[in-house]
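Asker: Sharing a structure, written as structure tokens. Questions coming.
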Amino acid sequence: MKIILLGPPGAGKGTQAKSISVKYCIPHISTGDIFRKNISEKTPLGVKAKNYIDAGLLVPDELTIDLVKDRLSKEDCKNGYLLDGFPRTVKQAEALDEFLNGRQESIDTALLIEVPRELILERMTGRRVCLACGASYHIKFNPPKNEGKCDSCGGELIQRKDDNKETVLDRLTVYDKQTQPLVKYYKSKNKLSIVDGALAIDKVFENVCSILGEQ
């Protein structure tokens, strides 16, 4: 089973990806993990990627695509995989299709976790993390017993810079511009499946399984 996971920041993709990977016995592949592994192992592709990252530049599409192709050629991907964070653009999606066509393969579904923007803002701006031990909280969905204090160690809870409203809105704008066109792309190929990500985590996963099928 070959799946692409789509959705805006804060949609809960990471949580669902872990559950999907375990249930269907397929690797969860993210571009971040691919970059880190190749860089740490100093592979030729990793060295190239590191040069761009160290210079504060985005890794070009061509290099990102080559890294993903290399990862999908590994033995553990023989029976399928879950791609998270790739493709990010239609250009990357077209390159992926071309690569798979050459292997007489194709993506089974592009799974979109859809969440209203207002809920994403509420989820992300309400997150708090302990400065001392790293424990995570949410002011509404998982509040600490004492406001601003960690239940585990009593450390100060802070809002990360990535979770302030302005940063979240910026990330959503980038998503709309770059990734949202993928929704149209996969819909035109009858590969798009949509799940309501505003539901409880267990219910979202239940709906995901009904789409992917019980295996």
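Any read-out appearing in this document is the output of simple, stated calculations on the displayed coordinates, not a laboratory observation. It should be emphasised that the depicted structure is a prediction, and the values quoted were computed from it without experimental measurement. Cβ sites come from the backbone with ideal geometry, for glycine too, and all protein chains shown count toward neighbours.
Asker: Working from Cα positions, state the angle (0 to 90°, nearest 10) between the long axis of helix 13-24 and the longest principal axis of the chain.
Answerer: So the helix axis and the longest Cα principal axis differ by about 60 degrees.
Asker: So how tilted is helix 201-212 from the main axis of the chain? Cα-based, degrees 0 to 90, rounded to 10.
Answerer: Taking Cα atoms only, the helix is inclined about 10 degrees.
Asker: Given the options Cys133, Ile194, Tyr52, identify the residue whose Cα lies farthest towards the positive end of the charge dipole of the chain (+1 on Cβ of Lys, Arg; -1 on Cβ of Asp, Glu).
Answerer: Cys133
Asker: Determine the shape class of the stretch 21-125: with a ≥ b ≥ c the square roots of the Cα gyration tensor eigenvalues, call it rounded for a/c under 1.5, and otherwise prolate if a/b is greater than b/c, oblate otherwise.
Answerer: Numbers: a/c = 1.61, a/b = 1.11, b/c = 1.45.
Judged from the Cα gyration tensor, the stretch 21-125 comes out oblate (a/c at least 1.5, b/c at or above a/b).
Asker: Please give the contour-minus-distance gain from Glu98 to Lys69: 0.36 nm per residue of separation, less the Cα-Cα distance, rounded to one decimal in nm. Don't skip to the end; give the middle numbers.
Answerer: Values: separation 29, 0.36 × 29 = 10.44 nm, distance 1.07 nm.
Result: 9.4 nm gained on full extension.
Asker: Taking a quarter of the surface of the convex hull around the Cα atoms of the chain, what do you get in nm²? Don't skip to the end; give the middle numbers.
Answerer: Working: hull surface 53.3 nm².
Over every viewing direction, the Cα hull of the chain projects on average to 13.3 nm².
Asker: Still on this model: How much space per residue, in cubic angstrom, does the convex hull of the C-alpha atoms of the stretch 163-215 take up?
Answerer: Values: hull volume 5.5 nm³, N = 53.
Expressed per residue, the convex hull around the Cα atoms of the stretch 163-215 is 105 Å³.
Asker: Quick one: length gained pulling Glu105 to Asn190 fully straight, 0.36 nm per residue minus the C-alpha distance? Provide the component values of the computation, followed by the final result.
Answerer: Values: separation 85, 0.36 × 85 = 30.60 nm, distance 1.58 nm.
Value of the extension gain: 29.0 nm.
Asker: Ranked highest first by the average count of other Cβ atoms within 10 Å around their residues, in what order do 139-145, 120-126 fall? The partial results should precede the final answer.
Answerer: Numbers: 139-145: 12.3, 120-126: 18.7.
Top of the packing list down: 120-126, 139-145.
Asker: On full extension of the chain, what length is gained from Val174 through Lys91, given 0.36 nm per residue of separation minus the C-alpha to C-alpha distance?
Answerer: Details: separation 83, 0.36 × 83 = 29.88 nm, distance 1.58 nm.
Value of the extension gain: 28.3 nm.
Asker: Counting only helical runs of four or more DSSP H residues, what would the 222 nm mean residue ellipticity of the chain come to if each run contributes -39,500 (n - 2.57) and the total is spread over all its residues?
Answerer: On the way: 9 runs with 102 residues, N = 215.
Calculated mean residue ellipticity at 222 nm is -14500 deg cm²/dmol.
Asker: Please compute the contact order of the stretch 106-174 in relative form: average sequence separation of alpha-carbon pairs under 8 Å and at least six residues apart, divided by the residue count, as a percent.
Answerer: Numbers: 72 pairs, mean separation 20.8, N = 69.
Relative contact order, the stretch 106-174: 30 percent.
Asker: What ranking, highest mean first, results for peptides 63-75, 44-56 when packing means the other Cβ atoms within 10 Å averaged over each residue?
Answerer: Details: 63-75: 17.1, 44-56: 13.8.
By packing density, highest mean first, the sequence is 63-75, 44-56.
Asker: Evaluate the charge dipole of the stretch 146-213 about its Cα centre and quote only its size in Debye, nearest 20, assuming +1 on the Cβ of each Lys and Arg and -1 on the Cβ of each Asp and Glu. Don't jump to the answer; show the numbers that get you there.
Answerer: Values: 11 positive and 11 negative charges, 121 e Å.
Its charge dipole is roughly 580 debye.
Asker: If you don't mind, there's one more thing I want to ask. Along Cα→Cβ, 7 Å out, is where each label goes; now give me the distance between the ones at Ala55 and Ser136 in nm to one decimal.
Answerer: About 3.4 nm separates the two model spin labels.
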